[in-house]
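What follows is a set of notes on a single structure, which appears directly below.
The values are calculated or read from the model by the stated rules, or taken from the named source; none is laboratory data. Every value quoted in this text rests on a predicted model; they were computed, and no experiment measured them. So basically every Cβ, Gly included, is an ideal-geometry build from the backbone, and we count neighbours across all protein chains shown. For accessibility, only protein heavy atoms count, side chains too; no ligands or nucleic acids. Shrake-Rupley method; radii C 1.70, N 1.55, O 1.52, S 1.80 Å.
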Amino acid sequence: MLVLGIETSGVDGSVALARDGELLGERRLNQAGRKHAQGLIFEIGEVLREQGLAPRDLQLVAVSRGPGSFTGLRVGMVCAKTIAYATGCRFIAVDTFAAIASGTPDHASPLHVIEDAQRDDLFLGEYSRDAHSQWHQTSAIRIVSIPSFLELCQSPITVTGPGLKKLDRDDRLLESLPVTRIPLDQPPARVIAEIGRLEIERAELSGETADTDFWSASPFYLRLSAAEEKRAAQAGAAPPISP
């Protein structure tokens, strides 16, 4: 299976091309979230051209769905949906936090993955490994305040994810707590591609489907951006919360 992976959940981003789990090529995007839209199509074209391939050769496009940067996730999702529509290849949206968790060692379980949710909040996902060393989400990804998250850190846990940077900026809040830190930021696109492929193959073995309907697919925000919430408030409507 020839898979294109797209990861644009943060300031940096990347695209990767893999076949049956073997990485064929990976390219970084411009290191500014606002430039993802400018560089994404070009880099996808380059990573395909280097292998003598064209978009029509793709069998699956896997895209990071968030939580993460509002703008970056939108750009990545629209690009992946357009490729799936134009080429007829399969499409799957991958949980960004699950991809981050996959980069941590076995002993990290249970694991808390965090991301900056702006203001004084964090996105929080909780994961644990099963007997087969597979990561499983143990609770729905949610928004928590920094004080509420620090309460969870009173017991020994492992914490990773881009949100560590936010806590470090705020007087290194975790230093006095029984927390094991694993500095991991955005997952590389090759991980998004591999998780997408494995989810498709596992589903097929059980007679199910893991494909995401690209017509209805959307980034996983949990809540609107500050600008969108402001517009909703001005219109007299309560800002919706993503499921």
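Here region 1-82 is treated as a sphere whose radius is the Kirkwood value from Cα pairs; by Stokes-Einstein at 25 °C and 0.890 mPa s it diffuses with a coefficient of 197 µm²/s. Diffusion coefficient of the chain by Stokes-Einstein, Kirkwood radius over Cα pairs, 20 °C, 1.002 mPa s: 115 µm²/s. The HN-Hα couplings worked out from phi for region 124-138 by the Karplus form 6.51 cos²θ - 1.76 cosθ + 1.60 (θ = phi - 60°) are 10, x, 10, 9, 9, 9, 8, 5, 9, 6, 8, 7, 10, 6, 9 Hz, whole numbers, x standing for Gly and Pro. Over the chain, dividing the summed -39,500 (n - 2.57) contributions of all DSSP H runs of at least 4 residues by the number of residues returns a 222 nm mean residue ellipticity of -9500 deg cm²/dmol. For region 90-138, the list of trypsin sites (Lys or Arg not before Pro) that fall in a loop by DSSP and count at most 11 other C-beta atoms within 10 angstrom reads Arg119. When DSSP beta bridges are restricted to pairs lying wholly in the chain, around 65% turn out antiparallel.
Ordering Trp215, Leu17, Ser102 by the projection of their Cα atoms onto the charge dipole of the chain, which places +1 on the Cβ of Lys and Arg and -1 on the Cβ of Asp and Glu, puts Trp215 at the extreme positive end. Considering only Cα atoms, the convex hull volume of region 128-225 works out to 157 Å³ per residue.
Tell me the carbon and sulfur percent of the accessible area for the chain, rounded to whole percent, probe radius 1.4 Å. Whole-percent figure for carbon plus sulfur exposure: 52. Antiparallel beta bridges, as assigned by DSSP with both residues in region 30-172, represent about 65 percent of the total such bridges. Whole-percent P(r), region 87-133, all Cα pairs, 5 Å bins from 0: 5, 17, 23, 17, 14, 10, 8, 5, 1.
How much FRET efficiency would the formula 1/(1 + (r/R0)^6) give for Leu177 and Gln59, where r is the Cβ-Cβ distance and R0 is 51 Å, rounded to 0.05? My answer for the efficiency is 0.65.
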